[in-house]
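Below is one structure, written out as structure tokens; the observations come after it.
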Amino acid sequence: MFCTLNKAKHIFMASIYSIFLLLSFSFFTASTDKIEKITIEQLQAKTIRLENDTLYIVNFWATWCGPCIAELPYFEQAAKTHANKKIKILLINLDFISEEAKVLAFVKKKNLQNAVYQLNAADPNKWINQIDADWDGAIPVTVFYKAGKKILFHEGDITQTELDEKIKLHSI
Amino acid sequence: MKKLIVFLAAAVIFMTSFTKEGGYQVGDKAVDFKLKNIDDKIFSLADQKDAKGFIVVFTCNHCPYAVKYEDRIVALNAKYAKLGYPVVAINPNDAVAYPDDNFANMKKRAKSKSFTFPYLVDDTQNIAKTYGATKTPHVFVLKKEGSDLVVKYIGAIDDNTEDASAAKEKYVEQAVDALLAGKTVATTSTKAIGCGIKWKQ
């Protein structure tokens, strides 16, 4: 009798645990099954307009852009190398909003640790100028912001060395 | 020695800024070209005696943005070739870096998408550089004025790459419509995301 009771208790506890596990798992997957969307205004609020001493590094990329994919590991490495510095890297994805699943799969496959956002901006003729008047829309592009100002606009590929040097020069 | 260094530095800065400013602005006279078409013949704008102008599109096979616009480029030619503004497509990409963009694949793509316009290969990339194309797709609308070809519009086809039916501004159509009506083009240059042209090393 005791045994049976004990067994029943075990089964009950196990079920409780499973429910907890399932719940926590579903929360976990819910938070990683989407790519956060960002507008230019929100991006600016997260970078350009922040008058603090953090160096914000904003990289515009897409899964279809070969040179962009090639340089993504440099940003991942930079985040590790300069972990003790006040920097924040934002990887702004320009794939179509409808192709979120593709971006998500890519981010998981490459195990990207930097913050990834999908840009939610309708009219490129408007928003490209909001980033830089000289930029005509070819990617990759990397922009550096600090203390509420754009300090560097880097058009085209960036090397690990270039990235590291710029971070060393502009971050504390 | 110091003077020399200053001079060299100035020269470098000058040359760098020159490269940055390279390419056409609206109002510039564009050069003609002799480029190989997918029918293996050499194509030049001067041979198109009946044209009033051209919709020159730098495009390619591999770029998803260029692919998204293929049907719209075909539609532009269907609408405007008979009105005197045919489409001339030019692929400027380094085919070594992107084998999808090689000449054989250009022929295949033109056939499968039923291109009704020339699809030329800019092997030396000189035309893309001279025009100032930086990405695909990148459009230059040219108008014949006497013996000159004058750049009237530079930029995107419309304002919505992802969804043609959601495009609010059809920039190239607006530009060509204005030229056909003898009016000034209202929006002469626009920006868009595209695949950067892969330059040869």
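The values are calculated or read from the model by the stated rules, or taken from the named source; none is laboratory data. Model, not experiment: these values are computed from the prediction. Positions of Cβ are backbone-derived with ideal geometry, glycine not excepted, and every protein chain shown enters the neighbour counts.
Give the number of residues within the stretch A:132-154 that are in contact (Cβ under 8 Å) with a residue 40 or more places away in the chain, outside any loop (DSSP other than H, G, I, E, B) and facing chain B (nearest Cβ under 10 Å).
Summing the residues that are in contact (Cβ under 8 Å) with a residue 40 or more places away in the chain, outside any loop (DSSP other than H, G, I, E, B) and facing chain B (nearest Cβ under 10 Å) in the stretch A:132-154 gives 2.
Kindly provide the set of residues from the stretch B:99-108 that are in contact (Cβ under 8 Å) with a residue 40 or more places away in the chain and either assigned to a loop (DSSP other than H, G, I, E, B) or buried (at least 20 other Cβ atoms within 10 Å of the Cβ) (or both), ordered by number.
Result: B:Asp101, B:Met106.
Within the stretch A:105-114, is there a residue that is under 26 Å from B:Ala166 (Cβ atoms) and out of contact with any strand residue (DSSP E or B) (no Cβ under 9 Å at 6 or more places or on another chain)?
Yes; the residues of the stretch A:105-114 include at least one that is under 26 Å from B:Ala166 (Cβ atoms) and out of contact with any strand residue (DSSP E or B) (no Cβ under 9 Å at 6 or more places or on another chain).
Is it the case that some residue within the stretch B:67-84 is touching a Pro at 6+ places or on another chain (Cβ under 9 Å) and not in a helix (DSSP H, G or I)?
No: zero hits.
Restricting attention to the stretch A:43-76, which residues are crowded, with 21+ Cβ neighbours inside 10 Å and of a type in the set (Phe, Trp, Tyr)?
A:Tyr56, A:Phe60, A:Trp61, A:Phe75
Please count how many residues of the stretch A:77-97 are surrounded by fewer than 19 Cβ atoms within 10 Å (Cβ to Cβ) and under 16 Å from A:Trp61 (Cα atoms).
Total meeting the criteria: 2.
Taking the condition within 14 Å of chain A (Cβ to nearest Cβ) and in a strand (DSSP E or B), does B:Val96 pass? Full working, then the answer.
On the way: within 14 Å of chain A (Cβ to nearest Cβ): yes; in a strand (DSSP E or B): no.
Judged against the criteria, B:Val96 is not a match.
Yes or no: A:Leu104 outside any strand (DSSP E or B), out of contact with any helix residue (DSSP H, G or I) (no Cβ under 9 Å at 6 or more places or on another chain) and within 21 Å of A:Gln77 (Cα to Cα)?
no
Determine, yes or no, whether A:Ala121 is assigned by TED's automatic domain parsing to the domain that holds A:Lys86 and under 20 Å from B:Pro137 (Cβ atoms).
Yes.
Just checking, which of A:Ile57, A:Ile69 is closer than 21 Å to A:Val141 by Cα, among the hydrophobic types (A, V, I, L, M, F, W, C) and either in a helix (DSSP H, G or I) or modelled with pLDDT under 95 (or both)?
The unique qualifying residue is A:Ile69.
Do you know which of the residues in the stretch A:156-171 that are touching a helix residue (DSSP H, G or I) at 6+ places or on another chain (Cβ under 9 Å) and among the charged types (D, E, K, R) is nearest to A:Thr47 (Cα to Cα)?
By that ranking, first place goes to A:Asp164.
Out of (1) outside any helix (DSSP H, G or I); (2) of a type in the set (A, V, I, L, M, F, W, C); (3) free of Cβ contacts under 8 Å to residues at least 60 places away in the same chain, what's the single condition that is false for A:Ala79?
In the conditions (1) outside any helix (DSSP H, G or I); (2) of a type in the set (A, V, I, L, M, F, W, C); (3) free of Cβ contacts under 8 Å to residues at least 60 places away in the same chain, A:Ala79 misses (1) alone.
Hey, could you check the stretch B:111-160 for residues that are among the acidic types (Asp, Glu) and under 24 Å from A:Gly66 (Cβ atoms) and say which is farthest from the other protein chains (Cβ to nearest Cβ)?
B:Asp123
Suppose we filter the stretch A:104-131 for residues that are within 13 Å of chain B (Cβ to nearest Cβ), of a type in the set (Val, Ile, Thr) and in contact (Cβ under 8 Å) with a residue 60 or more places away in the chain; how many remain?
We begin by selecting, within the stretch A:104-131, every residue within 13 Å of chain B (Cβ to nearest Cβ); these are A:118-131.
Restricting the remaining residues to those that are of a type in the set (Val, Ile, Thr) gives A:128, A:131.
Retained after the next criterion (residues that are in contact (Cβ under 8 Å) with a residue 60 or more places away in the chain): A:131.
Of the residues in the stretch A:104-131, 1 are within 13 Å of chain B (Cβ to nearest Cβ), of a type in the set (Val, Ile, Thr) and in contact (Cβ under 8 Å) with a residue 60 or more places away in the chain.
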